[in-house]
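Coordinate-derived values only; no laboratory data. Because the structure is predicted, anything quoted here is derived from the model rather than measured. Ideal geometry is used to build each Cβ from the backbone, glycine not excepted, and the neighbour counts take in all protein chains shown.
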Amino acid sequence: MSDLAELFSRDPMTYQTQDIDTIIARLREARANFNLAGKTEKLKPAAKKATGEKVDLSDLGLE
Amino acid sequence: MEPAASPFLPDSKIQWIWDSTSLGWFKECPKKYEYYMIRGLVPKGDSVHLKFGILYHSSLEAYDKARAEGKDHEEATRAAVWKALIDSYGWVSDHPAKNRENLIRSVIWYVEQFQDDPAQTVILADGKPAVELTFKMELDFGPSKSSGFKVAEGVDTKGISLKPGAVNYSVSTPVPTYSNYVLSGHIDRLVNFMGGVYVTDRKTSGSTLYQGYFDQYTPHNQMSLYSVAAKVIWSTPVKGVLIDAVQIAVGFSRFSRGFAYRTDAMLEEWLEDTKHILRYAEHCATDNYWPRNDTACHKFGGCPFRKICSRDDSVREVFLASDYEHRPWNPLQVR
């Protein structure tokens, strides 16, 4: 069980301040990762569209 | 918690204190209102959205209050998260997105997103920050004399003034009962933003916040009520409502901010409309008959009582008993 899941399963009245800070830190990290994933997605080069030209098999060394 | 007083006049079904929820039900369909408000019925297992919304609101209120008290972002975040953890402990949700873990995540992601929020809390004339504003606002009319209830004498019947200094009530002032209708509600915060004052409200959604999402809030019952209350009770000339919406998904929470603008003229219209709506509600209560708006059954996400109305009257009570539970709504109940 991850530390976050373990914390959520406990009665919060048993928490120390450090436990709340751990929850906050983990979820801030998740947010940073989510935002980074979004930026990485935007930076990916657009896939080249197929031109519709026929492939010359001699170019592939197959003839 | 001490039980709240009844929102109905004694020995009647005439509701004297209304909030945006009960007013909205009646506007959508009087029969829907009857099921929800008069009979106090809700579909079984229907509370996850309401529960999540209440927990989200109260946690972020804790953040707002802490910041207004001078605490820094870190302390206020701890206060909000602590409140969310305590209030939600033991809550088991079978909803894939609206559950305890995603509640905590949404609270933290929201305060991170808006920690340097240009929308700043208004400080009221008494020096207190404008957060957690519960209001009861007496209108200038009540149940008609023909219904057998007496309107208080000496009440100004010229209409509510939207000008600063008009006499109306905050929650700390005793409200005369049974004389006039009262509108009630709870405003999260008043803020200064870009040269204007706004009421703020937070909305949660399980769906993508599409372009045009905020269009649904104009016209809108709740946003108009909040704007009227802010103008009348706190003598604050608001431009409308600043809405912070969040999409609650399985793996993320995504935020968007929009506005529902209101002019004085629009609010005067809304008050006049409300007067007529409440007269109609009184008429339904006096006749003990609540007509169906059969053009609304598939709107507003689909009426939860459609499957009752679509059955013959002879079997409705059987389905109501099996598929619905008694959980009355009371505008007087503190949530």
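In what sequence do A:Thr14, B:Thr208 fall when counting other Cβ within 10 Å, fewest first? Let's see the in-between values first.
Numbers: A:Thr14 8, B:Thr208 11.
By the 10 Å Cβ count, ascending: A:Thr14, B:Thr208.
What percent do you get for the relative contact order of the stretch B:2-85 when only Cα pairs under 8 Å and 6+ apart count?
Working: 46 pairs, mean separation 13.6, N = 84.
With pairs under 8 Å counted, the relative contact order is 16 percent.
Under 8 Å for C-alpha pairs, at least 6 residues apart: give me the relative contact order for the stretch B:1-141, rounded to a whole percent. Intermediate results must be reported in sequence, preceding the final value.
Numbers: 92 pairs, mean separation 23.3, N = 141.
It comes to 17 percent, rounded to a whole number.
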Say we join alpha carbon atoms closer than 10 Å with springs in a Gaussian network model of chain B; which of B:Val107, B:Val48, B:Val182 then has the biggest fluctuation?
B:Val48
Mind checking the mean number of beta-carbon atoms from other chains within 10 Å of the Cβ atoms in B:80-87?
4
Kindly give the semi-axes, whole Å and largest first, of the ellipsoid equivalent to the stretch B:186-335, taking each as the square root of 5 times a Cα gyration tensor eigenvalue.
33, 23, 14
The relative contact order of chain B, taking Cα pairs under 8 Å that sit 6 or more residues apart, comes to a percentage of 25 percent
Across the stretch B:30-43, in residue order, what do the Karplus-derived ³J(HN,Hα) couplings come to in whole Hz, using 6.51 cos²θ - 1.76 cosθ + 1.60 with θ = phi - 60° and x for Gly and Pro?
x, 5, 4, 4, 4, 5, 6, 9, 6, 8, x, 9, 9, x
Rounded, prolate or oblate: pick one for the stretch B:1-109, where a ≥ b ≥ c are the square roots of the eigenvalues of its C-alpha gyration tensor, a/c under 1.5 means rounded, and failing that, prolate if a/b is larger than b/c, else oblate.
prolate
Taking beta carbons within 10 Å but only from partner chains, what does the mean come to for residues B:104-114?
4
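Is there a quick way to get the dipole size of the stretch B:55-140? I mean about its Cα centre, with the Cβ of Lys and Arg at +1 and of Asp and Glu at -1; what is the value in debye to the nearest 20? Provide the component values of the computation, followed by the final result.
Values: 10 positive and 16 negative charges, 55 e Å.
So the magnitude is around 260 debye.
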Quantify how strongly other chains surround peptide B:235-244 by giving the mean number of their Cβ atoms within 10 Å of each of its Cβ atoms.
0
Can you classify chain B as rounded, prolate or oblate using the Cα gyration tensor, where a ≥ b ≥ c are the square roots of its eigenvalues, rounded means a/c under 1.5, and otherwise it's prolate if a/b beats b/c and oblate if not?
oblate
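What pairs from B:Lys98/B:Lys128; B:Lys27/B:Lys275; B:Lys65/B:Lys203; B:Lys203/B:Lys239; B:Lys231/B:Lys275; B:Lys44/B:Lys98 go past 22 Å between their alpha carbons? Walk me through the intermediate numbers first.
Numbers: B:Lys98/B:Lys128 34 Å; B:Lys27/B:Lys275 12 Å; B:Lys65/B:Lys203 19 Å; B:Lys203/B:Lys239 19 Å; B:Lys231/B:Lys275 18 Å; B:Lys44/B:Lys98 17 Å.
Pairs exceeding the cut-off: B:Lys98/B:Lys128.
What order do you get for B:51-63, B:89-101 when each peptide is scored by the mean count of other beta carbon atoms within 10 Å, highest first?
The densest-packed peptide leads the list: B:51-63, B:89-101.
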